[in-house]
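S.K.: Here it is, the structure, as structure tokens.
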Amino acid sequence: MGNLKTSFRKLSLKVDGRFLGFGTSPEADWKIIFISALLLAVLVIVLSVFIFIKIDKGEIFVVEKLVGEKKNTLDLNVLRETVSYYQNKALEFESIKNTKTPSVDPSL
């Protein structure tokens, strides 16, 4: 038991009195930054693959269909009213385009 305690005491994250040796030299700083970024990238990739597999198997984000759901059909009366409304708007637009509005030259 005493051997286990001494081995955990030897495990220290401090190097030269600093956490992970950060700030001891530029080389050590860049190594820490690079390894941290690499570990973060690997963690993100593993998490993405895990979520992809779960979604592909249908274990998460599953949408259940309702039993009593009926299909929505197209209402032809509403469609005809909509088409006629926009045809009337197109006619109004053409009449506005073709009407010449008199304008006065402001420079005169």
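S.K.: Please identify the pairs in which a residue from the stretch 49-72 that is on the phi < 0 side of the Ramachandran plot and of a type in the set (A, V, I, L, M, F, W, C) has its Cβ atom under 6 Å from the Cβ atom of a residue that is at pLDDT below 80 and loosely packed, with under 10 Cβ neighbours inside 10 Å, counting only partners at least 6 apart or on another chain.
M.R.: Ile55/Phe61
S.K.: Another question, if that's okay. Only residues that are out of contact with any Asp or Glu (no Cβ under 9 Å at 6 or more places or on another chain) and in a helix (DSSP H, G or I): list them for the stretch 45-68, please.
M.R.: Listed by number, the residues that qualify are Ile45, Val46, Leu47, Ser48, Val49, Phe50, Ile51, Phe52, Lys54, Ile55, Asp56, Lys57.
S.K.: A further question on this structure: Looking at (1) in a loop (DSSP other than H, G, I, E, B); (2) surrounded by 10 or more Cβ atoms within 10 Å (Cβ to Cβ); (3) at pLDDT 75 or above, find the lone condition where Gly23 falls short.
M.R.: Among (1) in a loop (DSSP other than H, G, I, E, B); (2) surrounded by 10 or more Cβ atoms within 10 Å (Cβ to Cβ); (3) at pLDDT 75 or above, the lone unmet condition for Gly23 is (3).
The values are calculated or read from the model by the stated rules, or taken from the named source; none is laboratory data. If you're wondering where the values come from, they're calculated on a predicted model, not measured in any experiment. Positions of Cβ are generated from backbone atoms using ideal geometry, with glycine treated the same way; all protein chains shown enter the neighbour counts.
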